[in-house]
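Beneath this line is the structure, given in structure tokens, with notes to follow.
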Amino acid sequence: MSRAALTQLAGPVALVVATGVVGSFTSRATEIYFLSALISVAIVVSVYVFVGNSGVLSFGQISFVALGAFFAGVMTIPLESKQGVLPDLYPVLRDHTVGDLASLVGAAIVGAVFALAVGLPLMRLSGLAAGIATFAVLEITHNLLREWTKIGPGATTLSLVPETTGLLRATLGTLVVVAVALAYQRSRFGRTLRATREDPLAAQAVGINVHRQRLWAFALSGALGGLAGALYVHMLGSITADQVYLELTFLSLAMLVVGGTTSLLGAVVGALAISGLDSFLSEAEQGVTLAGGTLDLPQGARLVIVGVVMAAMLILRPSGLTGGREVGLGWLRRQGRNA
Amino acid sequence: MIGAISAQTLVDAVGQGAIYALMAVGIGLVFGVLRLVNFAYGQLIMAGAYALAFASQHDWPVWAGIVLCFAVVLALSALMELAVFRPLRTQSPAVMLVTTFAVAFLLQAAALLIDVNDGTLGETATSIASLNQAITIWGVDVRKITLVAIVVAAITLALLALLLGRTSLGLQLRAASSDFHTARLLGVRAGLVIGAAVLLAGLLAATVAVMLTVQNPFVQYDFALKETIVVLVGVVVGGIDRLWTATLGGFLIGFASGVINGALPTDKTVFLPSVLFALVIVVLLARPAGLFTRSGTSLVERV
């Protein structure tokens, strides 16, 4: 890896590692905030790999997270209880159980295959048509996961999933997602796709196959989304189809745009900023002591404040907190010269 | 199949289609001048429904509740235009769309805050529910609100057609929708057309709020959310670039879901969303610019 790549990787990696390390010094009760912040980073980066690099707005990315989460969950429930709680499953799912590391890899593969299959026709679309078509994918995935008892728990909660995503594994998993995302965006494929984002006509004119480039990114983001979903379900221990649906879709897109849609650093910063704010406010709803005074918010105020902050940031700084730029050696040198 | 669909189902489906068509017009009008898909449109309707519930709980007369509903929705529309749409006018469509998500999220959270702090989840607006009674015409039970919805939608669409086709403001709106820059160069004032579109959309949202609240007087923070999403899909499938294709798309998706829900028993409809959304994908792949758009007239292309 070149020095430029290493310095661009430094910012996101430092943020992820810092979140993990700080989290390990806190009590059991607050550790969950750091865990969910790390998972948010993984999910938002998986969305970024497609949406950020291609410039095509997709509402379907969370369906890969959902699929990964349900696959990893169903495959790791201990055999002796699985036949009891999920009797309707296809025999191949019902009679086999894998280790939780294997389930992470499996979820990534399932996510990639699903994204590839769905993307093959859909990646021909652009603009609003692409937005609504990918949204249709989210609806179909949710509908199937919620109703089809041969592949999952149906309308009930999927529970008894081993809770194996601790801080260490969440940090390592998120680092893998971040590193893969950076490696992709600096590769020939990533640069080609970013060229199609800036000017699709010019890109086609120099011989780039826009459909194929978007498809690679979609499949990769499906793999990362599946992995993030698997980490997520192993953190929660139980999940319903509604937890990986509309709200998560909107929240992760908002995190991406707040951070800055076109940079990996933006995805990481946006996810950490919004989930940090959210965690702080949910503590404040219980009452926290801050700078000598006590802050005690009424129940429900958390979501209002998160909404106000998101809307205000988008209105006042539409290019995001990072302005959509990576921070690397070149950027640091320029700052040094200007100072 | 047709034999299984009763006249009852058809009437209800037309009523639902009429309401969805009005929402489609509201979304389409704003999209025309701003190139902005306003996802928070459903929350305008929700705010109107809360206003109706508030009036009902304080024993206001029905007309006063409806006036309050219109006042709240119009004020909120104006606020949205000033605080959100205006600063973002020059941004990319993606940023604008995601900002309206954030606004929708914010308004829902505010509604949830009201719900949590008064101790009951959801409010009821009982005073206008009398419109929900049925009258029998030729053996078909027609709820009064269905008739009201169909008549109001027809009148509103006719008035809107007159406004767009016969007045100077309408001409300016159409000009701005087809090419905003050229329209401005020719003397159309941006603030005027955008303000007019946003207020018209607000009027439609308030109308829809009244009709949806009559049908479902139990008002919660996610009121009209599902409807908005379905209408958005219908609008894009119909063709969002032109108002009448968008309206037709909204009507059709409302009518179709009404017919299917009425004709099939509940246990057969669990996978219905999958089938419908698969159809949406097929239509978009075949005609990305919209089902009713003439080919070759749109800039939307496949790669």
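Computed quantities for the displayed model
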| item | result |
| --- | --- |
| FRET efficiency estimate (nearest 0.05) - Cβ-Cβ, residue B:185 to residue A:90, R0 51 angstrom | 0.20 |
| Residue B:78/residue B:134 FRET efficiency (R0 45 Å; Cβ-Cβ; nearest 0.05) | 0.75 |
| Residue A:191 versus residue A:242: modelled label distance in nm, points set 7 Å from Cα along the beta carbon direction | 4.8 |
| Listed residues B:117, B:261, B:38, most fluctuating in chain B (Gaussian network, C-alpha, under 10 Å) | B:117 |
| FRET efficiency estimate (nearest 0.05) - Cβ-Cβ, residue B:64 to residue B:285, R0 41 angstrom | 0.25 |
| Contact order normalised by residue count of chain B, Cα under 8 Å, 6+ apart, percent | 36 |
| Kyte-Doolittle at least 0.0, axis length at least 24 Å by Cα - qualifying DSSP helices, chain A | A:3-24, A:28-54, A:100-122, A:127-147, A:167-186, A:210-236, A:264-286 |
| Label-to-label distance, nm, for residues given as residue B:215 and residue A:201 (7 Å Cα→Cβ offset) | 4.3 |
| Mean ellipticity per residue at 222 nm, deg cm²/dmol - from DSSP H runs of n ≥ 4 across chain B, formula -39500 (n - 2.57) | -23000 deg cm²/dmol |
| Helix-only [θ]222 nm of chain A, DSSP H runs n ≥ 4, -39500 (n - 2.57) each, per residue, nearest 500 | -24500 deg cm²/dmol |
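Where a number appears in this text, it was derived from the coordinates with a stated rule and is not lab data. Values in this document were obtained by computation on a predicted structure and should not be read as measured data. Note that each Cβ is placed from the backbone with ideal geometry, even for glycine, and that neighbours are counted across all protein chains shown.
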